[in-house]
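The values are calculated or read from the model by the stated rules, or taken from the named source; none is laboratory data. Because the structure is a prediction, the values reported are computed rather than measured. Here the Cβ is made from the backbone with ideal geometry for all residues, glycine too, and neighbour counts use every protein chain on show.
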Amino acid sequence: LDDVSTTYAGAGKFTNGSITQILQDRSIEINPSKPIGTAGKQRGNSATYDQYMMALLSVSWHFTTYRCPEFMKNDDLIKATR
């Protein structure tokens, strides 16, 4: 899912200021003085797989009433259709 099973390419491999350079190591957002993503450093463990879980809950309620049409309320019509 996230392509972290190899090593970091390092920020120098990307165009300065590009979105790819910024996103290749987001650890600098937490601690700018100690970035995790140095070139050649392991980015994850290729022996383990990514996992995710998803849960969905839905509730639906209709606030309308359903009435029989007036012509269906005639008892003679109901008896004739049986």
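Output the number of residues of region 24-59 satisfying the condition of being loosely packed, with under 10 Cβ neighbours inside 10 Å and in a loop (DSSP other than H, G, I, E, B).
Within region 24-59, residues that are loosely packed, with under 10 Cβ neighbours inside 10 Å and in a loop (DSSP other than H, G, I, E, B) number 19.
Could you tell me which residue of region 37-62 is nearest to Y8 (Cα to Cα), considering only residues that are free of Cβ contacts under 8 Å to residues at least 12 places away in the same chain and of a type in the set (V, I, T)? Only one residue fits best here, namely T48. Of all residues in region 1-23, those satisfying the criterion of being in a loop (DSSP other than H, G, I, E, B) and exposed (fewer than 10 other Cβ atoms within 10 Å of the Cβ) are L1, D2, D3, T15, N16, G17.
Within the option set L1, L57, L77, being aliphatic (A, V, I, L, M), at pLDDT 75 or above and out of contact with any strand residue (DSSP E or B) (no Cβ under 9 Å at 6 or more places or on another chain) holds for one residue only, L57.
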